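The values are calculated or read from the model by the stated rules, or taken from the named source; none is laboratory data. All of these numbers come straight from a predicted model, not from anything done at the bench. Backbone-built Cβ (ideal geometry, glycine too); neighbour counts: all protein chains shown.
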Amino acid sequence: MKWNTRVTNLLNIDYPIIQGGLAYLAYADLAAAVSNAGGLGQITAMSLPSPEALRQEIQKVREKTAKPFGVNFAIGQHGRPFEHMLEVAIEENVPVVTMTGGNPAPIFEQLKGVETKKLVLVAARRQAEKAEELGADAVMVVGQEGGGHLGKNDTGTFVLIPQVVDAVSIPVIASGGIGDGRGLMAALSLGAEGIEMGTRFIATKECVHAHESYKQALVNGSEYDTVVIKRTLGAPARAIANSFTDQILALESNQATYEELKQYISGQANRNYIYNGNQDEGFAWAGQVMGMIKDVPSVEELFKRMIKEAEEVAGRWASVTTRA
């Protein structure tokens, strides 16, 4: 079964599957494994300490794969200037740049005249339209089932994707609640031309920076074991429910200010859990798809399974439709 969508053609990949930016986790090992398996792997730029560190990570990816990969810029969540980091991506001729959070317009301005493909993560139809106006080559659209930062409206993937497909002419990539080949085919049936997965890629062998207890929590948990934090700050984000997120939600229910919440929602609190496994001292992002995660395969094994599942779905479609 050969895959031929505008996303595979745009990104020069075998399968229309993109790995999410995954703050503090998306580095060379995972990115190269996803690209080698036929998808698009990504590095998370703004989790790295310096432009030179990003350059080194890009070079590490190129040592591990000759296939296309991307660099993700989480421009609204780290409070750091991105211009020097983006300049490194330009100098290194990175094939794809993706943008999440904040206003992507300054990145588009800096990328003028650069051949790099530009993808923007959005959570609403109007955001997708604006991304297209700015010059995005494709939009990644996340529903409220997703992990990490979401849209302010609780719109599910199945409702959101068709709306965006109808509103823009550029390719749409579905995200949120997708973790297997059935989800891939469901996204395509809604008019998307590819998918992005985050949580599912954390529970893989090549996501080497994720602590084993984090991966086990994804395997053992269900879709009921996530909560949305930071809603009172206007930046809702889905994480694994634990005693630490209980504290965050309690503070939010008491109208805590950003300064009062700051230490609880910091990158350090995130790393306490995802790097060190200190579940009582931090939080970890995860989408509702954790209810579908039952193991920690290699990326290659995951891809083979997903493509087999997708082909089975295609076979079922063929068996239930006939021409008059």
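For segment 198-210, taking the residues that are in contact with a Ser or Thr (Cβ under 9 Å, 6 or more places away or on another chain) and either over 19 Å from Gly21 (Cβ atoms) or charged (D, E, K, R) (or both), the one that is surrounded by the most Cβ atoms within 10 Å (Cβ to Cβ) is identified as Glu206.
Could you tell me whether any residue of segment 150-170 is at positive phi and either surrounded by fewer than 24 Cβ atoms within 10 Å (Cβ to Cβ) or modelled with pLDDT under 95 (or both)? No, segment 150-170 has no match at all.
All of Ile161, Ile170, Ile107 fail the test of being β-branched (Val, Ile, Thr) and touching a Phe, Trp or Tyr at 6+ places or on another chain (Cβ under 7 Å), apart from Ile107. Gly191: in the same structural domain as Phe158 (by TED's automatic domain parsing), on the phi > 0 side of the Ramachandran plot and not charged (D, E, K, R), yes or no? Criteria met by Gly191.
Filtering segment 292-310 to residues that are surrounded by fewer than 18 Cβ atoms within 10 Å (Cβ to Cβ) and assigned to a helix (DSSP H, G or I) leaves Glu300, Glu301, Lys304, Arg305, Lys308, Glu309.
The condition (being surrounded by 24 or more Cβ atoms within 10 Å (Cβ to Cβ) and not in a loop (DSSP other than H, G, I, E, B)) is satisfied by just one residue among Ala186, Ala128, Ala192: Ala128. Of the residues making up segment 61-82, those that are modelled with pLDDT under 95 and of a type outside the set (Val, Ile, Thr) are Ala74, Gly76, Gln77, His78, Gly79, Arg80, Pro81, Phe82. When restricted to residues that are touching a Phe, Trp or Tyr at 6+ places or on another chain (Cβ under 9 Å) and under 22 Å from Gly143 (Cα atoms), segment 278-309 contains 6.
Which one of Asp225, Asp246 is over 20 Å from the mean Cα position of the chain (by Cα) and within 26 Å of Ala123 (Cα to Cα)? Checking each option against the conditions leaves just Asp246. Scanning segment 136-149 for residues that are in contact with a Leu (Cβ under 8 Å, 6 or more places away or on another chain) and assigned to a loop (DSSP other than H, G, I, E, B), we see that the one that is surrounded by the fewest Cβ atoms within 10 Å (Cβ to Cβ) is Asp137.
Residue pairs whose Cβ atoms lie under 8 Å apart, separated by 6 or more positions or on different chains, with the first residue in segment 243-258 and in contact (Cβ under 8 Å) with a residue 12 or more places away in the chain and the second surrounded by fewer than 17 Cβ atoms within 10 Å (Cβ to Cβ) and not in a helix (DSSP H, G or I), are Ser243/Asp280; Phe244/Asp280; Phe244/Glu281. Of the residues making up segment 211-248, those that are crowded, with 17+ Cβ neighbours inside 10 Å and part of a helix (DSSP H, G or I) number 8. Residue pairs whose Cβ atoms lie under 9 Å apart, separated by 6 or more positions or on different chains, with the first residue in segment 207-232 and on the phi > 0 side of the Ramachandran plot and the second in a loop (DSSP other than H, G, I, E, B) and not hydroxyl-bearing (Ser, Thr, Tyr), are Lys230/Pro236; Lys230/Ile265. With respect to the conditions (1) in contact with a Leu (Cβ under 8 Å, 6 or more places away or on another chain); (2) modelled with pLDDT under 95; (3) of a type outside the set (A, V, I, L, M), Arg316 lacks only one, and its number is (1). Yes or no: Ala37 at pLDDT 95 or above, farther than 20 Å from Leu119 by Cα and surrounded by fewer than 19 Cβ atoms within 10 Å (Cβ to Cβ)? Criteria not met by Ala37. Taking (1) buried (at least 18 other Cβ atoms within 10 Å of the Cβ); (2) under 19 Å from the mean Cα position of the chain (by Cα) in turn, Tyr264 satisfies each apart from (2). Evaluating Thr100 against the criteria (1) crowded, with 22+ Cβ neighbours inside 10 Å; (2) without any contact (Cβ under 8 Å) to a residue 60 or more places away in the chain; (3) not aliphatic (A, V, I, L, M) leaves one unmet condition, (2).
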